[in-house]
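Report on one structure; see the data block that follows.
Derivation of every value follows stated rules applied to the coordinates shown; laboratory data play no part. These numbers come from a predicted model, not from an experiment. Reconstructed Cβ throughout: ideal geometry from the backbone, glycine too, with neighbour counts over all protein chains shown.
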Amino acid sequence: MKTDNKLIGTGLLTAIAASLCCITPVLALIAGTSGLVSTFSWLEPFRPYFIGLTILVLGFAWYQKLKPQEQIDCNCKTEEKPKFIQKKTFLGIVTVFAIIMLAFPFYSNVFYTKTEKKIILVDKSNIQKVEFSISGMTCNSCSEHVNHEVNKLAGIINSNASYDNGNAIVEFDNSKTNITEIEKAINSTGYSVTDKKEN
């Protein structure tokens, strides 16, 4: 029974570790502490191993629960009723939670509210487009976080951050904001602007 509990605990921990780099931006947004976001980005390269370990551990825990128990013929006292933590129901809850955690990067963008931009006519000569190279982004949640912070600035026409490309292409009215302000907004997320070029 103790082995089962250890397996369940290990499965939970590895599922959380596998998604920690993607959960942190959402938690930071809720808590208002954007600078802490990149703290767990170093875990991203290990994500496939955490996912594999989670599946392996929970699979073994299910095997232990579902394998037929040996019947012993004796006039012994019957075992006491197992605690909730030792039941299949609890293992089922843990498994569902682990699946939700492992899938987090695929649905994390729902936690970011879409910023409704009021389109104000601007002089075309004031429109500027800059590509910022960004280090530290590891999933969609990271790029949504960057877009969220940049869109708070006045004069932003469009912000398109991509963790795949490691960049953000920002179109803005340079009479209302500037490259330095946008760079500060990106850096405030905990990720770092490494280069910028005008398009």
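Normalised by 2.2 N^0.38 Å, with N the number of residues, the alpha-carbon radius of gyration of segment 112-198 equals 1.01. Were the residues from Gln64 through Leu13 laid out at 0.36 nm apart, the gain over their Cα-Cα distance would be 16.4 nm.
For Ile157, the residues whose modelled amide H falls within less than 5 Å of its own, excluding neighbours fewer than 5 places apart on the same chain, are Glu171, Phe172, Asp173. Between Lys184 and Glu131, the C-beta separation translates, for a Förster distance of 22 Å, into a calculated FRET efficiency of about 0.85. Across segment 99-105, rounded Karplus estimates of 3J(HN,Hα) from the backbone phi angles (6.51 cos²θ - 1.76 cosθ + 1.60, θ = phi - 60°) give 5, 4, 5, 5, 8, 3, x Hz, Gly and Pro being marked x. Lysine pair count for segment 112-198 (Cα-Cα distance under 18 Å; residues 8 or more apart in sequence or on different chains): 17.
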